[in-house]
1. Among the residues of segment 250-259, how many are within 19 Å of Ala300 (Cβ to Cβ) and either without any contact (Cβ under 8 Å) to a residue 12 or more places away in the chain or open to solvent by 40 Å² or more (accessible area, probe 1.4 Å) (or both)?
2. Go through the residues of segment 60-76 one by one and say whether even a single one is in contact with a Pro (Cβ under 9 Å, 6 or more places away or on another chain) and touching a residue at least 60 places away in the same chain (Cβ under 8 Å).
3. Kindly indicate whether Glu207 is closer than 22 Å to Arg76 by Cβ and open to solvent by less than 20 Å² (accessible area, probe 1.4 Å).
4. How many residues are out of contact with any helix residue (DSSP H, G or I) (no Cβ under 8 Å at 6 or more places or on another chain) and surrounded by 12 or more Cβ atoms within 10 Å (Cβ to Cβ) when one looks only at segment 269-292?
5. I'd like the full set of residues that are touching a residue at least 24 places away in the same chain (Cβ under 8 Å), small (Gly, Ala, Ser) and closer than 26 Å to Thr80 by Cα, limited to segment 137-166.
6. Condition check: part of a helix (DSSP H, G or I) and either at pLDDT 80 or above or touching a strand residue (DSSP E or B) at 6+ places or on another chain (Cβ under 7 Å) (or both). Does Val226 satisfy that?
7. Considering only residues that are in a loop (DSSP other than H, G, I, E, B) and more than 19 Å from Leu119 (Cβ to Cβ), which ones fall in segment 282-314?
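The values are calculated or read from the model by the stated rules, or taken from the named source; none is laboratory data. None of the values given here were measured: they were computed from a predicted structure. Counting neighbours? That spans all protein chains shown, and the Cβs are built from the backbone with ideal geometry, glycine included. Remember, those area values only see protein heavy atoms, side chains included, never the ligands or the DNA or RNA. Shrake-Rupley method; radii C 1.70, N 1.55, O 1.52, S 1.80 Å.
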Amino acid sequence: MELQNLITLTTGVTLLACVLAVVGVQSYATGRAQRQALVDRLSATGRIPVAGRRRHFPTLDRRLRRTRLGKKLELRLSATGLDITPGEFFACMLATVAGLWLIGQATLAPFFGPIAGLLGVWAALQFLNWQRQKRIEKFINQLPELARILANATQAGLALRTAIGMAAEELEAPAGEELSKVANQLAVGASMDDALGELADRLPSRELVVLVTTLVLSNRAGGQVVSALRNLTETLEERKETRREVRTQLSQVSMTSYAVPVLGVGSLFLMNGVKDGALDRMTGSPAGQAAVVVAFALYAIGFVLIRRLSRIDV
């Protein structure tokens, strides 16, 4: 009898252990799937790096993201759409600065090494601004179609969150990618104001601010969002054509602003090529060094003034 009871108890404990094992495996699989879904959503919103390729300089990237400079750099990189982390960009910028420093010191004179390094920093920041502006221009060109899709979806009775997700699927990059980030932020609990506000911060433009303001106010207080979006679509179409005409008219002025500093740097190479060692002798005295610094400052001022005077806000 005791043996029979022991066998029954052992069998019951074994069955219970098997049931618990099955439940544990199922819970583990469910939790892992939920974690992966959350990682995918956060990756789409830009809150964590997108998995795919192997990231370089992870220690530098983590330390840089904690600083104010790193946060600003991360915001700029997210606006450019480049698949690069702040640490990778900072390391590439340092390598570029070091290379230009050595080239300027070797080909011109030792005094031009630091100046070439500063030009490397300026070139890296200008590259980010150029990529960001190019992405903003593409996004602005897609705003009329975006407003039209949102108006049609809202008129059909869909909620604004659903309309944004639909627009993210139908539109191409960069509008589709940016709206996917907004939709995923909304999916993980972010408010409509915060998600659209981050979008306006990543891609600042008057047109986008008007669209975001319209959507935020409509989401808060309701109202005739369909008619507002349709009127906004017509306005954005007109502004799109006006911006294209202005950009075409000012293309020659923009090229002139870049040609001025290029001519200045080219004159240095020409001077050193005509008479070898001329720049060494010129920068060997304080007066010559001051003249070079003043000349570079005047070229920079000329570049900025030409860009400022040729800027027309539409």
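1. Residues that pass the stated criteria total 5.
2. no
3. yes
4. The qualifying residues number 3.
5. Listed by number, the list holds a single entry, Ala147.
6. no
7. Going residue by residue through segment 282-314, those that are in a loop (DSSP other than H, G, I, E, B) are 283-285, 310-314.
Result: Gly284, Ser285, Ser310, Arg311, Ile312, Asp313, Val314.
Yes/no matrix, rows are residues, columns are (1) in a helix (DSSP H, G or I); (2) at pLDDT 75 or above; (3) over 30 Å from Leu199 (Cα atoms); (4) open to solvent by less than 80 Å² (accessible area, probe 1.4 Å):
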residue	(1), (2), (3), (4)
Asn5	yes, no, yes, no
Gly12	yes, no, yes, yes
Ala17	yes, no, yes, yes
Ala21	yes, no, yes, yes
Thr30	yes, yes, yes, yes
Gln36	yes, no, no, no
Ile48	no, no, no, yes
Arg55	no, yes, no, yes
Leu60	yes, yes, no, yes
